[in-house]
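Beneath this line is the structure, given in structure tokens, with notes to follow.
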Amino acid sequence: MPNYRAPVQDMQFVITELAGLERLAALPGYEEVTPDLVEAVLEEAAKLAGDVLAPLNQPGDEQGAALTKDGVVAADGFAAAYRRFVENGWNGLGGDPEYGGQGLPGLTAAAAVEMWNSANMSFALCPLLTAGAMEAIKAHGSHELKSRFLPKLVSGEWAGTMNLTEPQAGSDLSAVRTRAVPEGDHYRIFGQKIFITWGDHDMAENIVHLVLARLPDAPEGTRGISLFLVPKFLVGPDGSPAERNDVLCASIERKFGIHASPTCVMSFGEKEGAVGYLVGRENEGLPHMFTMMNEARQKVGLQGLGIAERAYQAARDYAKDRVQGRPVGQRSGDRVTIIHHPDVRRMLLTMKSQIEAMRAFGYVLAADVDLAHKHPDPAERHRHQKRVDLLTPVLKGWCTELGVEIASLGVQVHGGMGYIDETGAAQYLRDARIAPIYEGTTGIQAGDLVGRKLSTDNGSAMTELIEEMRAVEDRLGGSDNADSPAIRESLAGGIRALEQATEWVLQTIRRDPNAALAASVSYMMLTGYVCGGWQMARAALAARARLGSGADDGFWRTKIATARFYAEQILPKASALLPIVRSGASTTFALDEEQF
Ligand SMILES: Cc1cc2nc3c(=O)[nH]c(=O)nc-3n(C[C@H](O)[C@H](O)[C@H](O)COP(=O)(O)OP(=O)(O)OC[C@H]3O[C@@H](n4cnc5c(N)ncnc54)[C@H](O)[C@@H]3O)c2cc1C
């Protein structure tokens, strides 16, 4: 069975040197966050991920979750693992201390999220959704809702879900039909939701559903949607779960991957109506839900990273073990392991270099989230929030698309064995495939980037980002590292492409929105590759500085070589995407509907 060992050294490097842990430690509430503390947390998380969660991944895939007369039962071992996860405080790692959380920066939590997802993506989805529910309640819930529900959600004793999708309302939530009828201090909810992740299970003693529904006289469309909290068990006066609410899982889907994560059809109000409490204001449910969705989108981006890392580890171990063929140009002598073949090297480095770029990009953005929440200077908070708003769709879209590509390469490295269940490589690909779909498909992320994030401020957040990238390009010019010219040249090309593509999008979006949206996924991928190149260049500079100050660790040399591979073999994809972006809709709309 394939093992998972968390890449703690790289995580620690990214956290301290690229994401700037020191800056975070200067923020109010984070005074005690030192590199030693972070290392200790990562080491412990790595043990849980490697020793407890990872061994359940393959059996969980084979067995799946099951719907019984008593509700959904998780695959064997999951409930016990979840108990351990909760008892050891992992659910509340980044949670607010006011509600019992440990209050560590989201940056540290990001590394833990990567580990849970590498180890067992199905399992990781449960705390991922709970975290999103916590954020939405904290941001928009009444004092009463917060004090009643947050402590148990933060501890993980209760789990959270997100109930948006209905058969006719997927990407387009304006079509939501679930109804909410006022009744005293609460509402009665009636309707059906589909595809609800961990919508029911036996791992937590209560489940807190966040549900989008319409009030009787609500306006049509997205302006008429409100957000409700619907617990599986109503909460008694002593705060513990009491009477069963009128909500149940009607069925669970058979599906391509994440078999151990139940995807539920949820039925609200088959009898008297499910008791629900309004979160925030009436008819403002969608913006409130976006608090949850943005948090979840960042985490799903990290999920792409996590599953890619797991696929890479399996491929690397297999490539060092599988003997096939002889070194290039030799017809006799010992046969070698496949890692000696140039094309296998290419695949492994394509996986490794993009994973490291995604990790750096994702964690740096997690630090921006912390700074946007906690920086004492409002101007700085605003600046970091703009960065987060701009890059969240890129993190979600780019990292999940790469997650699929990397998991697919993982299958390829295994050859025929990759297609056979035993190695696990096929499961990683199946599991990875959902990440570009849920929490807003790649097309939706790209549309958000181009249609809202870029255009609402006329590209000013992107201009600031490009300026920061240029400063790294300049620093590479002053570096005596033999690899710097190649990395610099490639980064400069990527930045030029990003600048020109941005200019094109901004000019086009108002004049011809179809053209801009037809180009949006290419633009989003281009942005992702350049963001990755920017971070890998920073990583190479940091590694060079370490070597210059006498550190002699293979890690630093490996980092520089990996950054150079990214610069030469991956980042040029950004420049290749530029003409694709610019050609916009000219060919995309060349066919009439009947011609398809
Ligand atoms: C395993 C699984 C778990 C899920 N978990 C949850 C959950 O916990 N909670 C929840 O509420 N939902 C959940 N979902 C639902 C998920 O979020 C939706 O499936 C997703 O948002 C896409 O909606 P859809 O399936 O209706 O596809 P559609 O919206 O029908 O999209 C089909 C295609 O059209 C494209 N498209 C649609 N509209 C546009 C547009 N405006 N611009 C560009 N392209 C567009 C899409 O990109 C896609 O390629 C889950 C789904 C699955 C499969």
Carbon plus sulfur, as percent of the 1.4 Å-probe accessible area of the range 513-596, comes to 53
Each label sits 7 Å from Cα toward the beta-carbon; between Ser460 and Ser171 the label points are separated, in nm, by 3.1
Computed Rg/Rh for the range 243-386 (Cα atoms; Rh = Kirkwood radius) stands at 1.19
Burial-style ranking of 431-437, 254-260, average other-beta-carbon count within 10 Å with highest first, yields 431-437, 254-260
Filtering the chain for DSSP H helices with an axial alpha carbon extent of at least 15 Å and a Kyte-Doolittle mean of at least -0.5 returns 35-47, 106-119, 121-140, 143-155, 285-319, 342-374, 378-413, 460-477, 484-511, 520-548, 554-565, 572-583
With every protein chain kept in place and a 1.4 Å probe, the chain has an accessible area per residue in Å² of 41
Using the Kirkwood radius over Cα pairs of the range 502-596, the Stokes-Einstein translational diffusion coefficient at 4 °C and 1.567 mPa s, in µm²/s and rounded to a whole number, is 83
Calculated from DSSP helices alone, with each H run of at least 4 adding -39500 (n - 2.57) and the total divided by the residues of the chain, [θ]222 nm to the nearest 500 comes to -17500 deg cm²/dmol
Descending packing, highest mean Cβ count within 10 Å first, for 494-502, 203-211 is 203-211, 494-502
Once Glu32 and Glu467 are pulled to full extension, the length gained, defined as 0.36 nm per residue separation minus their Cα-Cα distance, is 153.4 nm
Working note, the range 305-435: Cα radius of gyration (Å, one decimal) and Dmax (Å, whole number) are 19.4, 69
Once normalised by the length of the range 307-449, the mean sequence separation of its alpha carbon contacts under 8 Å that are 6 or more apart gives a contact order in percent of 29
Using alpha-carbon positions, the gyration tensor of the range 108-178 gives root eigenvalues a ≥ b ≥ c; with a/c under 1.5 called rounded, otherwise prolate if a/b exceeds b/c, else oblate, the class is oblate
Among the range 214-252, those whose backbone N falls under 20 Å of a label point 7 Å along Cα→Cβ from His143 are 237-239
Per the 1/(1 + (r/R0)^6) rule, R0 = 22 Å and r from the Cβ atoms of Asp76 and Asn3, FRET efficiency to 0.05 is 0.65
On the formula 1/(1 + (r/R0)^6), with r taken between the Cβ atoms of Val336 and Glu272 and R0 of 56 Å, the FRET efficiency rounded to 0.05 is 0.20
Surpassing 24 Å at the alpha-carbon level, of the pairs Lys255/Lys299; Lys352/Lys453; Lys352/Lys396; Lys138/Lys232; Lys320/Lys352; Lys255/Lys352, are Lys352/Lys453; Lys255/Lys352
Mean shadow area (nm²) of the C-alpha convex hull around the chain is 29.2
quick shape note, the range 96-251: Cα extents on principal axes in Å, largest first -> 44, 37, 29
Hull volume per residue for the range 308-372, using the convex hull of the C-alpha atoms, in Å³ is 66
Whole-percent carbon and sulfur contribution to the accessible surface of the range 308-442 (1.4 Å, no ligands, DNA or RNA) stands at 51
With the 8 Å Cα cutoff and a minimum separation of six or more residues, the chain has a relative contact order in percent of 13
Residues of the range 196-220 with backbone N under 20 Å of the label point set 7 Å from the Cα of Ala242 along Cα→Cβ are 205-209
A 1.4 Å probe over the protein heavy atoms gives the range 1-154 a carbon and sulfur accessible-area percentage of 49
Per the rule of 0.36 nm per residue minus the C-alpha distance, extending Thr68 to Glu43 adds in nm 5.2 nm
Mean Cβ-within-10 Å packing, highest first, puts peptides 168-177, 571-580, 346-355 in the order 346-355, 571-580, 168-177
Net charge (Lys, Arg +1; Asp, Glu -1) of residues whose beta-carbon lies under 14 Å from that of Leu150, Leu150 excluded, is -1
The ratio Rg/Rh over the Cα atoms of the range 428-553, Rh being the Kirkwood inverse mean 1/r radius, stands at 1.08
Unit-weight point scatterers at every alpha-carbon of the range 201-328, Debye formula, q = 0.15, 0.17, 0.20 1/Å: log10 I(q)/I(0) is -0.94, -1.12, -1.30
Length gained, Ala561-Glu503, 0.36 nm per residue minus C-alpha separation, equals 17.6 nm
Diffusion coefficient in µm²/s returned for the range 1-107 by Stokes-Einstein, Kirkwood Rh over C-alpha pairs, 4 °C and 1.567 mPa s, is 81
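The values are calculated or read from the model by the stated rules, or taken from the named source; none is laboratory data. Keep in mind the model is a prediction, meaning the values are calculated, not measured. Cβ atoms come from the backbone with ideal geometry, glycine included; neighbour counts cover every protein chain shown. Calculation scope for accessible area: heavy atoms of the full protein, side chains included, ligands and nucleic acids excluded. Shrake-Rupley method; radii C 1.70, N 1.55, O 1.52, S 1.80 Å.
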